[in-house]
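First comes the structure, then the notes that go with it.
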């Protein structure tokens, strides 16, 4: 590995805390990922990306900035990355997914709050995220009360542009969201100093669609029994999709899919044929949060889809490519993004319909609905999920957890009992 | 000879079984057991059960319990916890259709059993409320034994918290208000019941098989029977259901 310490230092990272994080990550990654059997060879690229998560990619961002480019950070799949790309910027997903900087975060946040929010605040205040430190602007949204209010605090440390995501999906809400996307375009243009043209936006839409199509192709391949790839590996790819270089990532996912198609033809898989197939639904699992998938897949089951923001919600819809003008394209983008089934909407029937149809398509034996502690939208919505799945006689296990590891054994007990129950059906 | 070992949070239970003979049972304090029989081997905590009455580090050991994945028992096969408890309960009661209620040292489990198979289940979250640990802490706060605590169920004091930690402050508040020990003890027992009632309501049967160390509590047995209207069956040696279930699984 190249020596990145100078770069980290110049970004103002707290090197001591950062070293601690960098020391933990390879061990965790080794036990969660490298211990898997029959992994596709194409995962080598994604292993490399993780090994360079704070290295090569950060270097690329610095090179981009040195050439006059801008880096914009975001936390939510509602932030339209096509627009940033069309203005010559790079959008990256910001760090979370691990207990870090808790002491600093609790100086500005209440102790009992969503671990994702506490984590990103900890990353920023603890100066341990080189992505955060590479951004001159962060884009927030109003998808939950916790994030919405936390962005006010975050704005003390880095400029935050907040997009107002509506809470319903009526015509007037669509109009609001369109105006938010239009404002975002203007902000990004001003920030990057680049005008978004019909040509650049069309290309950005095509590039991003190509990325989403590659992810869709990967997910289609998971319909097969035996599953050609593990859920953990797919989650990793979905996590990486948020910050990797778009064309390179797309090419690598497609190359992996080529390999998986051969596997499917040969009947090869990562789990035995007939292994219990589960859908994971719920709150996003930001890198390096792999706890629950690891428990599930080391208990003999295989995950065949993630109905999550780090999953299907990120890539299930495409932006139409045939629009002519910037205005039409912005409208198409706004429409595409408002189709995401986030629990911040009321009602959110689209999500229930999606889980039910997905269970059929993926020939799933059951669903695990996993929610972060203190996440009201998803915790309350678990009732709607339960009701919808009961109506369709689809087994469901609801889990509530955080980024700590101390409940792994309890989660394992419940997952094992759930699998036992599925076996008895 | 089959050996079952249940690595609980508070105690390690061992059952030795042969076909058509009553099981031999042994119990150890978890911390003492780990200190006496465990050591770290290439980064993993290994338990060597030779010298504990188990048939050595050979074949035939089946393990379950809270520590089943973090602790390696030499030569043991690991089975899921709720399955082990269910198999043990079936073996001990000869019942096939019931609700299993297992209240252990640090967790609580409810499973719906039909035709000898588990069809649904619930457990507590990462919290020791409504478990043996809560009872231990409350008995200590009242300065009475667990046996004494388990005698009282009449005219309970209303307690809101079943937290193994914060329950104590509430209890002390009630002591200061002048309630009697029997009323306070009854309050503790009723508060556990309130905490498990939602789980029981969802998975209720005509018969509840009550296992785990907490099943020794006569007060809880009576409260559960009275409030749910179900028949409460507590097998002999209820805290060995998991270890016995391990043997049952191995004998199948």
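Determine which member of the set A:98, A:24, A:53 is surrounded by fewer than 18 Cβ atoms within 10 Å (Cβ to Cβ) and either within 20 Å of residue A:290 (Cβ to Cβ) or under 20 Å from the mean Cα position of the chain (by Cα) (or both).
On inspection, the qualifying residue turns out to be A:24.
Can you find even one residue in the range A:409-425 that is without any contact (Cβ under 8 Å) to a residue 24 or more places away in the chain, more than 20 Å from residue B:87 (Cα to Cα) and at the interface with chain B (Cβ under 9 Å from one of its Cβ atoms)?
Within the range A:409-425 (the criterion being without any contact (Cβ under 8 Å) to a residue 24 or more places away in the chain, more than 20 Å from residue B:87 (Cα to Cα) and at the interface with chain B (Cβ under 9 Å from one of its Cβ atoms)), the answer is yes, since at least one residue qualifies.
Could you please find all residues in the range A:260-295 being under 25 Å from residue A:26 (Cβ atoms) and assigned to a helix (DSSP H, G or I)?
Answer for the range A:260-295, where residues must be under 25 Å from residue A:26 (Cβ atoms) and assigned to a helix (DSSP H, G or I): A:291, A:292, A:293, A:294, A:295.
Those residues that are in a loop (DSSP other than H, G, I, E, B) and outside the structural domain of residue A:99 (by TED's automatic domain parsing), I need them from the range A:5-35; list them, please.
Across the range A:5-35, the qualifying residue is only A:35.
Run residue A:360 past the list (1) assigned to a helix (DSSP H, G or I); (2) surrounded by 15 or more Cβ atoms within 10 Å (Cβ to Cβ); (3) more than 10 Å from chain B (Cβ to nearest Cβ) and report the number of the one that doesn't hold.
Result: residue A:360 passes all but (2).
To keep it simple, each residue is scored yes or no on (1) out of contact with any strand residue (DSSP E or B) (no Cβ under 8 Å at 6 or more places or on another chain); (2) surrounded by fewer than 20 Cβ atoms within 10 Å (Cβ to Cβ).
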| residue | (1), (2) |
| --- | --- |
| A:253 | yes, no |
| A:262 | yes, yes |
| A:271 | no, no |
| A:279 | no, no |
| A:288 | yes, no |
| A:291 | no, no |
| A:296 | no, no |
| A:306 | no, no |
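When you look at residue B:177, is it farther than 25 Å from residue B:86 by Cβ, surrounded by fewer than 21 Cβ atoms within 10 Å (Cβ to Cβ) and under 15 Å from the mean Cα position of the chain (by Cα), yes or no?
It is false that residue B:177 is farther than 25 Å from residue B:86 by Cβ, surrounded by fewer than 21 Cβ atoms within 10 Å (Cβ to Cβ) and under 15 Å from the mean Cα position of the chain (by Cα).
Conditions (1) more than 14 Å from chain A (Cβ to nearest Cβ); (2) at pLDDT below 90; (3) surrounded by fewer than 23 Cβ atoms within 10 Å (Cβ to Cβ); (4) in a loop (DSSP other than H, G, I, E, B), marked per residue:
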position	(1), (2), (3), (4)
B:95	yes, no, yes, yes
B:102	no, no, no, no
B:105	no, yes, yes, yes
B:140	yes, no, yes, no
B:157	yes, no, yes, yes
B:160	yes, yes, yes, yes
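Test residue A:406 against the stated conditions and say whether it is facing chain B (nearest Cβ under 8 Å), on the phi < 0 side of the Ramachandran plot and either at pLDDT 95 or above or in contact with a helix residue (DSSP H, G or I) (Cβ under 8 Å, 6 or more places away or on another chain) (or both).
Answer is no for this residue.
Would it be correct to say that residue A:335 is away from chain B (no Cβ under 12 Å) and in a helix (DSSP H, G or I)?
In short, yes.
Please verify whether residue B:118 is more than 18 Å from residue A:399 (Cα to Cα), modelled with pLDDT under 95, crowded, with 21+ Cβ neighbours inside 10 Å and more than 14 Å from chain A (Cβ to nearest Cβ), treating the condition exactly as stated.
The answer is no for residue B:118.
Filter the range A:382-403 for residues that are in a helix (DSSP H, G or I) and either in contact with a helix residue (DSSP H, G or I) (Cβ under 9 Å, 6 or more places away or on another chain) or without any contact (Cβ under 8 Å) to a residue 12 or more places away in the chain (or both); which is nearest to the other protein chains (Cβ to nearest Cβ)?
Quick first cut of the range A:382-403, residues in a helix (DSSP H, G or I) only: A:382-391.
After this cut, where a residue has to be either in contact with a helix residue (DSSP H, G or I) (Cβ under 9 Å, 6 or more places away or on another chain) or without any contact (Cβ under 8 Å) to a residue 12 or more places away in the chain (or both) as well, the list is A:383-385, A:387-391.
Numbers: A:383: 13, A:384: 18, A:385: 16, A:387: 14, A:388: 18, A:389: 13, A:390: 11, A:391: 17 Å.
Of everything passing the filter in the range A:382-403, A:390 is nearest to the other protein chains (Cβ to nearest Cβ).
Of the numbered conditions (1) assigned to a loop (DSSP other than H, G, I, E, B); (2) in contact with a helix residue (DSSP H, G or I) (Cβ under 6 Å, 6 or more places away or on another chain), residue A:210 satisfies every one except a single condition; which is it?
Here residue A:210 clears every test but (1).
Look through A:75, A:46 and report the one residue that is modelled with pLDDT under 95 and assigned by TED's automatic domain parsing to the domain that holds residue A:187. Explain how you work it out, then say what you get.
Details: A:46 fails: modelled with pLDDT under 95.
Every option except A:75 fails the conditions.
The values are calculated or read from the model by the stated rules, or taken from the named source; none is laboratory data. None of these values were measured; they are calculated from a predicted model. When we count neighbours, we look across all protein chains shown, and the Cβ atoms used for this are built from the backbone with ideal geometry, even at glycine.
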